[in-house]
Amino acid sequence: MKKILSALFGLCAALAAAQTAPLTTDAIRVRDPFIFADAPSKTYYLYAQAENRAGSGYQGVEVYTSTDLKTWQAPRPVLTLPADSGVAMVWAPEMHAYQGAYYLFVTLTFRDTLPVARPVDAPHWPRMHRRGTWIYRAESPAGPFKPLKNGPHTPADWMALDGTLYVENGTPYMVFCHEWVQLIDGAMALVELTPDLSGTRGEPVRLFSASAAPGAKRGAKESKVTDGPFLYKSPQSGALFMIWSTFIPGKEYCVLLARSASGRVAGPWTGHTPLYTTNGGHGMIFKTFEGRLRLALHQPNTGPLERLRLFGLTDDGTALRLESE
């Protein structure tokens, strides 16, 4: 009996050690990666949808932490959705510090569909599931996050996704995507948020369409995708840049770089030049604790092989340029 108990104890200890052992970046499957660099603790938080990880056992969002961007502590849940939520998929979690609290923007796709006809009546066209960006609040980047309201911040009758926060002259805005499944030519949209982020002000406005991408498909019934916006203001020049992702024939999934001609989030947005074209995307930009500018994205775009990729960025005030990985 003592030998059996000893063996069981050893097995439990080994399992516990495996669960707490640091993970290398290549060991973590993640789509739509978002990294928050917490300066007070010198800790990087990597947010990921829980279903990326085999055996996670729940729907929601979890976070990995690191001090060097190379090895990560095992994930902890920061948002757990109820089993009866009706949610089919959780996408694109990103976390922003704002006015002393922490806000998690998450795209939720529900099992039910919108009561409208598809724009293309063909078997290959996806069903129009209810989809939108929800916002959650916490007192710590480690959560737990609670919903600001019982509903999305994007219009309820839109298929919308990938909301991101941008604050301009003290006013918060959300930039998000209006899904190609509903429009054919997907769009990038902007809506003002209330000061506490609990709601929106006014109606969304269109910033540009996916067909703005160079080499985009031109057929009237050919899908054109907008994904993953993220905004970055150059401290050198004040220029405002947006990265976003799409599919370009011959370049697969990629990241494009646009610039606001006015320097404001309302645009107009010009350029849309390829920044990364090696079958990866949904990027975001952050600074390391050493002051280096980094682009984070997932690559390849093929499940279940997606991994976090980090690249250095050079900001010369007029453009952002990719460095080596």
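Bear in mind that the values in this text are calculations on the coordinates, not laboratory data. Everything quoted here is computed from the prediction, not taken from an experiment. Every residue, glycine as well, gets a Cβ built from its backbone with ideal geometry; the counts of neighbours run over all protein chains shown.
D for the stretch 23-322, whole µm²/s, Stokes-Einstein with Kirkwood Rh over alpha-carbon pairs at 25 °C and 0.890 mPa s: what number?
For the chosen part, D equals 126 µm²/s.
What is the gain in length, in nm to one decimal, between Lys149 and Arg111 on full extension, counting 0.36 nm per residue of separation less the C-alpha to C-alpha distance?
11.7 nm
Based on DSSP H runs of at least 4 residues, each adding -39500 (n - 2.57), what is the mean residue ellipticity at 222 nm of the chain after dividing by all its residues, to the nearest 500 deg cm²/dmol?
One gets -2000 deg cm²/dmol as the mean residue ellipticity at 222 nm.
The stretch 104-182: percent of C-alpha pairs farther apart than 16 Å?
Counting pairs separated by more than 16 Å, the tail of P(r) holds 57 percent.
Fully extended, how many nm does the chain gain between Gln73 and Ala101 (0.36 nm per residue separation, minus their Cα-Cα distance)?
Using 0.36 nm per residue and subtracting the Cα-Cα distance, I get 7.8 nm.
By count of other Cβ within 10 Å, fewest leading, how are Met128, Met95 ordered?
The fewest-first ordering by Cβ neighbours comes to Met128, Met95.
Please report the relative contact order for the chain, taking Cα pairs under 8 Å with a sequence separation of at least 6, and give it as a percent rounded to a whole number.
Computed over the chain, the figure is 12 percent.
Could you state the angle between the C-alpha long axis of helix 2-20 and the longest principal axis of the C-alpha atoms of the chain, as a value from 0 to 90 degrees rounded to the nearest 10?
20 degrees
Simple spin-label model, 7 Å along Cα-to-Cβ: Thr278 to Ala54 in nm?
It is 2.6 nm.
Starting with the fewest neighbours, write out Lys70, Lys251 ranked by other beta-carbon atoms found within 10 Å of each beta-carbon.
Ordered by Cβ neighbours within 10 Å, fewest first: Lys70, Lys251.
Most exposed first by the Cβ proxy, i.e. fewest other Cβ within 10 Å, how do Tyr136, Tyr98, Tyr64 rank?
Tyr98, Tyr136, Tyr64
Please give the length that would be gained between Ser85 and Thr24 if that part of the chain were fully extended, namely 0.36 nm times their separation in residues minus their C-alpha to C-alpha distance (nm, one decimal).
Contour length minus the Cα-Cα distance gives 18.7 nm.
Need the C-alpha centroid separation for the stretch 113-191 versus the stretch 37-89, integer Å.
Comparing the Cα centres of the stretch 113-191 and the stretch 37-89, I get a distance of 20 Å.
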